[in-house]
1. Those residues that are assigned to a loop (DSSP other than H, G, I, E, B) and of a type in the set (D, E, K, R), I need them from the range A:181-215; list them, please.
2. If a residue has to be among the aliphatic types (A, V, I, L, M), part of a strand (DSSP E or B) and over 28 Å from the mean Cα position of the chain (by Cα) to count, how many in the range A:123-161 make the cut?
3. Name the single residue, out of those in the range B:110-122 being under 30 Å from B:Thr8 (Cα atoms) and part of a helix (DSSP H, G or I), that is nearest to the other protein chains (Cβ to nearest Cβ).
4. Looking at A:Ser270 and the list (1) in the same structural domain as A:Phe118 (by TED's automatic domain parsing); (2) under 28 Å from the mean Cα position of the chain (by Cα); (3) crowded, with 17+ Cβ neighbours inside 10 Å, which single condition is not satisfied?
5. Filter the range B:77-100 down to the residues that are surrounded by fewer than 17 Cβ atoms within 10 Å (Cβ to Cβ) and assigned to a loop (DSSP other than H, G, I, E, B) and list them by number.
6. Does A:Ser108 meet the test of being of a type in the set (Gly, Ala, Ser) and either more than 17 Å from A:Ser254 (Cα to Cα) or without any contact (Cβ under 8 Å) to a residue 60 or more places away in the chain (or both)?
7. Got a sec? Which of A:Val154, A:Val259 is buried (at least 21 other Cβ atoms within 10 Å of the Cβ), assigned by TED's automatic domain parsing to the domain that holds A:Glu96 and either out of contact with any His (no Cβ under 7 Å at 6 or more places or on another chain) or of a type in the set (Asp, Glu) (or both)?
8. Within the range B:165-189, can you find the residues that are within 20 Å of B:Ser49 (Cα to Cα) and either touching a strand residue (DSSP E or B) at 6+ places or on another chain (Cβ under 7 Å) or of a type in the set (Gly, Ala, Ser) (or both)?
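The values are calculated or read from the model by the stated rules, or taken from the named source; none is laboratory data. Everything numeric here is computed off the predicted structure, so don't read it as measured data. As a convention, Cβ positions derive from the backbone with ideal geometry for all residues, glycine included, and neighbour counts pool all protein chains shown.
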Amino acid sequence: MKASDVFSYAFSAIRLRKLRAGLTILGVVIGIAAIVALLSISQGLQNSISEQLQTGFATDTLIVSTGGGFGPGEMASTGSDFKLSVNHTQIIDEIENVDMSVAVIQKSCYVESGEREFRLTVAGVDFAKYADIYSGTFIAKSGKIPLNPENEIVVVGKRISDPWKNGTLFCDVDYTIKIIWTTYNASTLKPENKTYMGNVVAVLEEIGGFGLGPSDSSVYIPISQAQTFFETNECNTIIVKVENDDETTIESVSEAIEVAFSDQVSVISSTAVLNTISSVFATIEFFLAGIAGISLLVAGVGIMNIMIVSLMERTREIGILKALGMKSRTVLSIFLSEAVIVGLIGAAFGVASGWVLANVVAVVFSGGGLPGVGRGNHAATAGGMVITPVLTPTVFLGALAFGLIVSVVFALYPAWRASKLKPVEALRYE
Amino acid sequence: MTTPIIQTTNLRKTYMLGKVRVEALRGVDLRVEKGDFLAILGPSGSGKSTLLNMIGALDKPTEGKVFIEGIDVSTLDDNGLADLRRKVGFVFQFFNLIPRLTAKGNVELTMAIPGLGKKERGKRAEELLETVGLKERVGHKPAELSGGERQRVAIARALANSPNFLLMDEPTGNIDSKTSKEIMALVIRLNKEKGMTTIVITHDQHIAAQAKRKVQMLDGLIIREEVS
């Protein structure tokens, strides 16, 4: 029997029982839709996180710290007493392929403006170098970032200026804010407050989301002022700008820095962070796909169940077909074709509805209304993130193939049983 | 002596019906020549249908052999048996049409199995249905046809692959006598005009009277044969 005839015969059998076929297909649709929706959302989430990281954390930079911090185990604290100092930038600057480096002194302080007070991160940086490294994010929205500041000045992130996003400002250019740092007297352990009255000279452009570079909710003061104010030369991190973001360059510079500090520092590159995130997402995706896969298996059991029922109902028909000279393998392929049709239709509708579902979820997730509905706040400013679900060709084809394979695998046994029926017994079946 | 189209030697069939051992055939020797018209008579349970199923390669004998055009059926594998069945025109008492296919679809399916093209089989199906007098009913499904019409479709289907012989298991058992006469007239005409070898199981003496040979069966054995 020709393949086209096998298919059209199988199709006529499916069409006969529309409701039953529809429900069987629905099972596959749900399974596939779950897989597609979960995977395309997590892919979209990963993309948006990576994108934000790349914006906030230039790919040609390295972060040197004394350990702990962000990253996998190898970057954990070395346990030594080694402290990074502002002057260490000189050592780093001499390493080949290093463009420049900038030390960051970071402390948590109370910041007062008017009658309000917040606990914020205050970072002391060299404005000129910092602006050069983060040329995409350390930009003044209003005011001007001074390159060689000598006075007690402050640069603030967008959220510091307008924390409630309703125009009620906490501070703005030309405001004077008070930074209060609590230190503990070394001998008496009594807290002592130090204050820094800073004149706001610039408010940064909105950066959005999160990154390891400048942030919307930080207060920046000149490094020289920070050294005086915090009475230390010790810095939390040194940001290194490498001459290019070539992977081998990044690696060789990272190694050179570690060697220069006798392995007492850890070096994080944006590539490493992105790789870590990718691997975390790969695990999450695998897990999600597994859960969704289970629902597809349930659909597979449904297919098997339906086909066994259908096999019993059609025993006589199979007897007739065999009496007419149909070969066992043709009977097998008719039943498998039915599964292929169910699987294909189910997978196709599943991918489509999974995609729709992903987009709906993304809109809800992004925390604001429907797209296109004019709202002053972009979703990102509402604290959430804009997730654009991504349906990769791999997920698309994989879902189609998986739907098809599950359908066929679960149809194998019923189809095999159908093909093995003896004609005379099948014809006698009532 | 020419090779008979059908020959059985010492054909035996035993099967278990629940816990009861049934000896359906107890040594049947039958020889059918090309162009023969055989009527098999006998009470129910005498083994008529079992014999016909053996000849049509739908069932396997417990003992003895069936030869179709000199070929020992027991030597054929599953595919060989399927090929053999394509050359057997089987007509059943209960029609055994596929309910969801039209009259034409049922006849066409028979030709689709050996792989005949859509165009050719469509044309031939219409011709065959016209031969059995169903020209106007080609597009109807079995449920929309009377018993007699269904059996005509079954005959058209049996003829579709130009079979070597026709095997009819009480073809008129479920239809009225007038239609039954018409159908038998059709079968006789096929036998006379086209030399179609035919074996008919029947209870109807009128039909049996028209056959060239009358074979009487009882308890799994051929007890008498009349040649007219």
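1. If the condition is that a residue be assigned to a loop (DSSP other than H, G, I, E, B) and of a type in the set (D, E, K, R), then A:Lys190, A:Glu205, A:Glu206 are the ones that fit.
2. 5
3. Step by step, filter the range B:110-122, then rank; the result is B:Thr110.
4. (1)
5. Selection gives B:Asp77, B:Lys87, B:Phe94, B:Pro99.
6. Answer is yes for this residue.
7. Selected residue: A:Val154, the only one of A:Val154, A:Val259 that is buried (at least 21 other Cβ atoms within 10 Å of the Cβ), assigned by TED's automatic domain parsing to the domain that holds A:Glu96 and either out of contact with any His (no Cβ under 7 Å at 6 or more places or on another chain) or of a type in the set (Asp, Glu) (or both).
8. Passing the criteria: B:Phe165, B:Leu166, B:Leu167, B:Met168, B:Asp169, B:Glu170, B:Pro171, B:Gly173, B:Ser180, B:Val187.
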